[in-house]
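For reference, the structure discussed in these notes is given below.
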Amino acid sequence: MRLGRLSCAQAAKLVRLEAGESLPRSQLPKSLLQPLQQGGVVLLEKSGSSYVVRGLPGKLAGFVAQHWGIRDLARYAQAAPDNRSRGVLADIAGDSKALPNRPFDGIFICSFDNCFLADKPLNISPPGSAVLITLGNLPKLRVEASYLIAVENAECLWNFERVQKYFPDLAGLEYALVLRWHWGNAWRQWLDGWRGQLLYFPDYDPAGLRIFATEVLPHEPMARLLAPQDFEAILEQRGKRDLYVSQEKFLNSVESSQHEELTRLCRALRKTRKAFEQESLLS
């Protein structure tokens, strides 16, 4: 009988127990500890005023295979979203749905005759479309544009030509577009080898600016924010007070950044007490 789904974090703890290590009992939820005890593959030992759980090597992995269907516990524990697929899960767990999978595992990119996959040009992406570069093919991606614009939301990626008028500074620049979707290690490694300038097109609300501060800048400290011309006037016209108020708590941590453009946008949000998502520029 298979029990509830085992997470990668839980599997990592079982790997340690399988190696004969001990863990504080508090680190194992009852839903996990109870079947292990019933299967006789762990021991509960007194340690000071509390208890530790010690695994029995040679027994625990077999129990996990029987009850959770996981054939390779160590590989399952390392099956992060960036390196797992339905095929991998079918191989190590006997079930392609053992862990959540993204339906499209890769990066959506819009080429303007400046992107290549190996030596094959991606040509010009028609309006309303983009090319999916799978994670396995990312090392073959070559972007010859000097700028790469990371777009926060898909609708603005498909219809970027409709928002270009808000960014006159882009005129004359050669760039490609990429959807800021699930930027894992594979994409960050690709960026490390790219020599252009990353521009980030955010949602203009506290949560959107926090994403830039916490998910983009730590890996791309030279990244720049893309802000519409006459930003405060647009905030006054299109901004929503309730959107700002519901997210205002995020601004304190974001404003501590030394990033000049980020600080300027945060101050504009506080001044107007309004915010908007990038899709509103499409209307």
Phi-based couplings in Hz for region 149-154 (Karplus 6.51, -1.76, 1.60; Gly and Pro marked x):
9, 8, 9, 6, 10, 4
Label-point gap, in nm, between residue 195 and residue 271 - each point 7 angstrom along Cα→Cβ
3.9 nm
Multiply the residue separation of residue 166 and residue 256 by 0.36 nm, subtract the distance between their alpha-carbon atoms, and state the gained length in nm to one decimal.
29.7 nm
Let me spell out the model: positive unit charges on the Cβ of Lys and Arg, negative unit charges on the Cβ of Asp and Glu, origin at the Cα centre of region 131-269. What dipole size does that give, in debye rounded to 20?
260 debye
Shape call for region 142-207 from the C-alpha gyration tensor, a ≥ b ≥ c root eigenvalues: rounded (a/c under 1.5), prolate (a/b greater than b/c) or oblate?
oblate
Linear extension gain, residue 159 paired with residue 283, 0.36 nm per residue minus alpha-carbon span:
43.5 nm
Where in region 136-160 is the amide nitrogen less than 14 Å from a point lying 7 Å along the Cα-to-Cβ axis of residue 116?
140-145
Calculate, in nm to one decimal, what residue 90 and residue 138 gain on full extension: separation in residues at 0.36 nm each, minus their alpha carbon distance.
14.9 nm
Rolling a 1.4 angstrom probe over the protein heavy atoms, how many square angstrom per residue are accessible across the chain?
51 Å²
Output the 0 to 90 degree angle, nearest 10, between the alpha-carbon long axis of helix 8-18 and the longest principal axis computed from the alpha carbons of the chain.
30 degrees
By the gyration tensor of its Cα atoms, with a ≥ b ≥ c the square roots of the eigenvalues, what is the shape of region 148-249: rounded for a/c under 1.5, prolate for a/b over b/c, or oblate?
oblate
Largest first and to the nearest Å, give the Cα extent of the chain along each principal axis.
68, 48, 30
Counting DSSP beta bridges with both ends in the chain, the antiparallel % (nearest 5):
65 percent
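How large is the convex hull of the Cα atoms of region 23-150 per residue, expressed in Å³ as a whole number?
It comes to 174 Å³ per residue, whole-number rounded.
Determine the sum of side-chain charges near residue 28: Lys and Arg each +1, Asp and Glu each -1, restricted to other residues whose C-beta is under 14 angstrom from that of residue 28.
Net charge in that neighbourhood comes out at +2.
Could you sort 195, 267, 16 by accessible area so the largest value comes first, with the probe set to 1.4 Å?
Working: 195 195, 267 165, 16 100 Å².
I get 195, 267, 16, largest accessible area first.
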From phi via Karplus (6.51, -1.76, 1.60), per-residue ³J(HN,Hα) for region 242-255 in Hz, x at Gly/Pro
5, 5, 5, 4, 5, 10, 3, 4, 6, 5, 4, 6, 6, 5
Per DSSP helix of 4 or more residues, -39500 (n - 2.57); summed, then divided by the residues of the chain. What does that give at 222 nm, rounded to the nearest 500?
-9000 deg cm²/dmol
Quick one: net charge of residue 45's neighbours, Cβ under 11 Å, K/R +1, D/E -1?
+3
Holding the Cα-Cα limit at 29 Å, pick out from 140/165; 165/271; 13/249 the pairs that are longer than that.
140/165; 13/249
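The values are calculated or read from the model by the stated rules, or taken from the named source; none is laboratory data. From a predicted model like this one, the values you see are computed outputs, not experimental measurements. Methodologically, a virtual Cβ is constructed for each residue, glycine included, from the backbone with ideal geometry; neighbour enumeration extends over all protein chains shown. Note: areas computed on protein heavy atoms with side chains; ligands, DNA, RNA excluded. Shrake-Rupley method; radii C 1.70, N 1.55, O 1.52, S 1.80 Å.
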